[in-house]
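Each remark here refers to the structure printed beneath this line.
Where a number appears in this text, it was derived from the coordinates with a stated rule and is not lab data. What you see is a predicted model; the values in this text were computed from it and never measured. Glycine also receives a Cβ, built like all others from the backbone with ideal geometry; neighbour counts cover every protein chain displayed.
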Amino acid sequence: MDTPPLSGSDSDSDDSLVTDRELQDAFSRGLLKPGLNVVLEGPKKAVNDVSGLKQCLAEFKRDLEWVERLDVTLGPVPEVSGPQSTPQNKDQKAVDPEDDFQREMNFYRQAQAAVLAVLPRLHQLKVPTKRPTDYFAEMAKSDQQMQKIRQKLQAKQTAMEKSEKAKQLRALRKYGKKVQTEVLQKRQREKTHMMNAVKKYQKGFSDKLDFLEGDQKPVARRTKEGAKGQQMKKGPNAKRRYKNQKFGFGGKKKGSKWNTRESYDDVSSFRAKTAHGKGLKRPGKKGSNKRPGKRTREKMKSRTH
């Protein structure tokens, strides 16, 4: 009978078993050493296929003019600030591939040298190197895509304008409320000021009626108040004058009407006739009719009965 062919997994297991056996035999003979064991392959043979290389070169080589190729091979631009480089300095100043800044600067200087060398050559060949002002390039995206983008931008701009208008309306409302509040506060202050002025006038602290004029002449009222304030600064205010008139001007109050030795000895103003009611009576002036007392009135009633 023919034996069925082994599957891929069976063949892999047999190879691994054989390999394990070989490793065990090598370990028993002392050929294996501790560490990583790498299978060494033989050296690769270098093949110099000249005909194949020429055939590949002929396939992609084209004999075109330089204007079509625009290839140039140059070194980097020499440093202006540094001294003239010598072969030894070139070896010492070789580009370090690990230094990113130095490597990029070398690329930049090499591109700069290529531009400085190629531009005059292009001008000699009358090749334009600047884009014209009326240059038209086809868009990379279709008109439909650009129309969608334009619609999105317009919708976004409209939404921003609406939000700005809403913000302005809110600000105007806040400002209107603020102005209204200020007007109400101003009216309340004017009312309080008028009530205080009326109270002062009623109590006699002030004799001015300027508060009845209201806001008809605010400038004149301010000037009057300023002049009045200047006059009041020269002397005591209305409240002080009222208290001085009512209570006196300060000083000792208790015992102020007591007699002293000088007032007791001073009798120059004494008049005996005036003091005892014996003074000359003026003609045409009758005496005061006094009401009789209760007992006298009762006696008078008894006499009449």
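Here are the numbers for this structure:
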item	result
Net length gained if the chain between residue 146 and residue 208 were fully extended (0.36 nm per residue, minus Cα distance)	14.3 nm
Packing rank of 44-53, 121-130, where each peptide gets the mean count of other beta carbons within 10 Å, highest leading	121-130, 44-53
Value in Å of the Kirkwood radius, where segment 101-190 supplies the Cα pairs that are averaged	20.9
FRET efficiency, 1/(1 + (r/R0)^6) with R0 35 Å, evaluated for residue 174 and residue 195 via beta carbons	0.65
Segment 124-218: chymotrypsin sites (Phe, Trp or Tyr not before Pro) falling in loop per DSSP and having at most 10 other Cβ within 10 Å	135, 136
Listed residue (155, 183, 166) projecting farthest to the positive dipole end of segment 149-212, Cβ model	155
³J(HN,Hα), Karplus 6.51/-1.76/1.60, whole Hz, each residue of segment 262-267, x for Gly, Pro	5, 5, 5, 6, 7, 10
Cβ-Cβ FRET estimate between residue 265 and residue 301, R0 fixed at 41 Å, reported to 0.05	0.20
Length gained when the stretch residue 55-residue 104 is fully extended (0.36 nm per residue, less Cα-Cα span)	14.0 nm
Packing rank of 55-67, 99-111, where each peptide gets the mean count of other beta carbons within 10 Å, highest leading	99-111, 55-67
26 Å Cα-Cα threshold exceeded, pairs from 199/246; 178/199; 199/243	178/199
Residue 130-residue 64 FRET efficiency (beta carbon distance; Förster radius 25 Å; 0.05 resolution)	0.55
Cα gyration tensor shape for segment 149-212, rounded if a/c is under 1.5, else prolate or oblate	prolate
